[in-house]
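Asker: I am attaching a structure below and will ask some questions about it afterwards.
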Amino acid sequence: MSRDALKTLFHPFASGTVEAPSEGERILFLGAEAGFALPEGFAAELSAVQGFRPFYRQLQAQRINVTPDIEGEGYDGALVLCAKHKGENEDHIAEALVRVREGGLILVAGGKEDGIQPLRKRIEGFGLSVEHMPKYHGVAFWFARPAEIKALTAQLAKPATEVEGRFTTAPGMFSHDRIDAGSELLASRLPTDFAGDAADFGAGWGYLSVELATKSPRIERIDLYEAHYGALEAARANLLANCPKVAQRFFWHDLASEPVKDKYDLIIMNPPFHEGHAAEPSLGQAMIKTAASALRSGGRLMLVANRGLPYEPVLSENFKEFGETCRNARYKVLWAKK
């Protein structure tokens, strides 16, 4: 998401094309990101929603009122900042329709990479009176919340996804419609005799945690750390459904910048490595360093990564021993001992 999309979002107010909401009004901001300045005359109370922990913390630092999940209803209007996942964008518009009062403004913005033009045409296809304006390499469009929304939300809201009949996920989560092939490779190498305290770093919707708890039934406890709030809540439900007797804890956490207080005997991870469309290994490297500090002496790290990612040097710097367990055409499974 570029900062341009934020500027695009607020431009209709800044240019005077759309009347800025006044004092006493409440505006919901879905997909909120930090780095914006409210246009002159924008005096409404802004309630931001951001479930991605790093962005949430940036909004807090900007002193924006922000929650990880949507709260309340009867808003006077809503802003929707689009991201790259079509299903998530449509779901946010559906939420705005439900949470905003009849006649309230719903304003949506994004860049070409967010699919903003097809999204605008889709909303226009519902017969709504939609206005739009291009700016800063993106498009903003807006409409009034209609009186009848049931048919609209039925088409826009995205139901939960079932994966292999065992896991519940939702659009916007990593690999929400299938088990990730890298995670599957790591799962095939998880221990069957582990009996200590484990953590799953970047746990997503909980696949690897369920696999570890299933393969090693004598596990003492597993803690899941995840930056995506919705994915963590899905993981909570998936662990409860698949291995309810295992002691488990859940942490909404930015592993690249927030320290981990507990110590573990085993940490498993499939670290994210993309920033936009480019491979960016620094996040995985930061997570490996965090794992090293969170392991007890003799503790082990197991991770899966794309074959080309250079994680071996950071493993060498932070662990007594490390090596490669296996690889296939796309992925490698690495281990390290503290």
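FYI, it's all coordinate maths here, none of it is from the lab. These numbers were taken from a predicted model, which means no experiment stands behind them. Note: ideal-geometry Cβ built from the backbone for every residue, glycine included; neighbour counts use all protein chains shown.
Asker: Cα centroids of segment 15-41 and segment 134-188: how far apart, whole angstrom?
Answerer: So the two Cα centres are separated by 25 Å.
Asker: Another question about this same structure. Taking a threshold of 31 Å on the Cα-Cα distance, which of the pairs Lys112/Lys332; Lys135/Lys158; Lys7/Lys263; Lys112/Lys261; Lys215/Lys320 fall above it? Don't skip to the answer; put the middle values down first.
Answerer: Values: Lys112/Lys332 34 Å; Lys135/Lys158 29 Å; Lys7/Lys263 43 Å; Lys112/Lys261 41 Å; Lys215/Lys320 27 Å.
Cα-Cα > 31 Å for Lys112/Lys332; Lys7/Lys263; Lys112/Lys261; rest within.
Asker: Moving on to the next point. Given Cα pairs under 8 Å that are at least 6 residues apart, what percent is the relative contact order of segment 161-337?
Answerer: Over segment 161-337, the number comes to 19 percent.
Asker: Quick check: from the Cα gyration tensor, does segment 1-132 come out rounded (a/c under 1.5), prolate or oblate?
Answerer: rounded
Asker: Taking neighbour counts of Cβ atoms within 10 Å as a proxy for exposure, in what order, fewest first, do His11, His92, His176 appear?
Answerer: So the residues, fewest neighbours to most, are His11, His176, His92.
Asker: Report, to the nearest 10°, how far helix 3-14 tilts away from the longest principal axis of the Cα atoms in the chain, using its own Cα long axis and a range of 0 to 90°.
Answerer: Once rounded, the angle reads 20 degrees.
Asker: Okay, moving on. Return the calculated 222 nm mean residue ellipticity for the chain, to the nearest 500 deg cm²/dmol, obtained by summing -39500 (n - 2.57) across DSSP H runs with n ≥ 4 and dividing by the residue count. Before the final figure, lay out each step's value.
Answerer: Details: 10 runs with 101 residues, N = 338.
Using -39500 (n - 2.57) per qualifying helix, the result is -9000 deg cm²/dmol.
Asker: Follow-up. Hey, with R₀ at 41 Å, roughly what FRET efficiency would Ser15 and Glu102 work out to, going by the Cβ-Cβ distance, to 0.05?
Answerer: My answer for the efficiency is 0.95.
Asker: Tell me the angle of helix 229-242 to the major Cα principal axis of the chain, expressed in degrees between 0 and 90 and rounded to the nearest ten.
Answerer: The angle comes out at about 50 degrees.
Asker: Just want the ordering: Cys82, Cys243, from fewest to most Cβ atoms lying within 10 Å of their own Cβ.
Answerer: So the ranking, lowest neighbour count to highest, is Cys243, Cys82.
Asker: Please check: in the Gaussian network model of the chain (C-alpha springs, under 10 Å), which one of Phe42, Phe126, Phe167 has the largest mean-square fluctuation.
Answerer: Phe126
Asker: Right, here's the next one. Multiply the residue separation of Ala144 and Glu324 by 0.36 nm, subtract the distance between their alpha-carbon atoms, and state the gained length in nm to one decimal.
Answerer: 59.1 nm
Asker: Let me ask you something else. Work out the FRET efficiency for Ser297 and Asp4 from their Cβ-Cβ distance, taking R0 = 56 Å, and round it to the nearest 0.05.
Answerer: Efficiency computed from Cβ-Cβ geometry: 0.70.
Asker: Mind checking which of Pro272, Ala286, Leu239 is farthest towards the positive end of segment 238-338's charge dipole, using Cβ charges of +1 (Lys, Arg) and -1 (Asp, Glu) about the Cα centre?
Answerer: Positive-most Cα among the choices belongs to Leu239.
Asker: Is the chain best put as rounded, prolate or oblate by its Cα gyration tensor, with a ≥ b ≥ c the root eigenvalues, rounded for a/c under 1.5, and otherwise prolate when a/b is larger than b/c, oblate when not? Kindly include the intermediate steps, with their values, before the conclusion.
Answerer: Details: a/c = 2.28, a/b = 2.02, b/c = 1.13.
The shape class here is prolate.
Asker: Further question on the same structure: Tell me, what HN-Hα J-couplings in whole Hz come from the Karplus equation 6.51 cos²θ - 1.76 cosθ + 1.60 at θ = phi - 60° for each residue of segment 315-323, using x for Gly and Pro?
Answerer: 5, 4, 6, 10, 10, 5, 9, 7, x
Asker: What is the helix-to-structure angle for 282-294, meaning the angle in degrees between its Cα long axis and the longest Cα principal axis of the chain, kept from 0 to 90 and rounded to the nearest 10?
Answerer: 50
Asker: Here's another thing I want to ask about it. Say R0 is 22 Å: what FRET efficiency, to the nearest 0.05, do Lys84 and Glu45 get from their beta-carbon distance?
Answerer: Efficiency for this residue pair is about 0.15.
Asker: On to the next question. Assuming a ≥ b ≥ c are the square roots of the Cα gyration tensor eigenvalues, decide whether segment 34-112 counts as rounded (a/c under 1.5), prolate (otherwise, with a/b larger than b/c) or oblate.
Answerer: The shape class here is rounded.
Asker: Let me ask you something else. Whose amide H sits under 5 Å from the amide H of Thr325, counting only residues 5 or more places off or on another chain, with H placed in the peptide plane?
Answerer: For Thr325, the qualifying residues are Val333, Leu334, Trp335.
Asker: Using θ = phi - 60° and the Karplus form 6.51 cos²θ - 1.76 cosθ + 1.60, what ³J(HN,Hα) does each residue of segment 178-185 get, whole Hz, x for Gly and Pro?
Answerer: For segment 178-185, the Karplus-derived couplings read 6, 6, 4, 5, x, 4, 5, 5 Hz, x marking Gly and Pro.
Asker: Multiplying the sequence separation of Ser175 and Glu312 by 0.36 nm and subtracting their Cα-Cα distance, what value in nm do you get?
Answerer: Working: separation 137, 0.36 × 137 = 49.32 nm, distance 2.53 nm.
Additional length available on full extension: 46.8 nm.
Asker: While we're here: May I ask you to sort Val108, Val333 by Cβ crowding, counting other Cβ atoms within 10 Å and putting the fewest first?
Answerer: Val333, Val108
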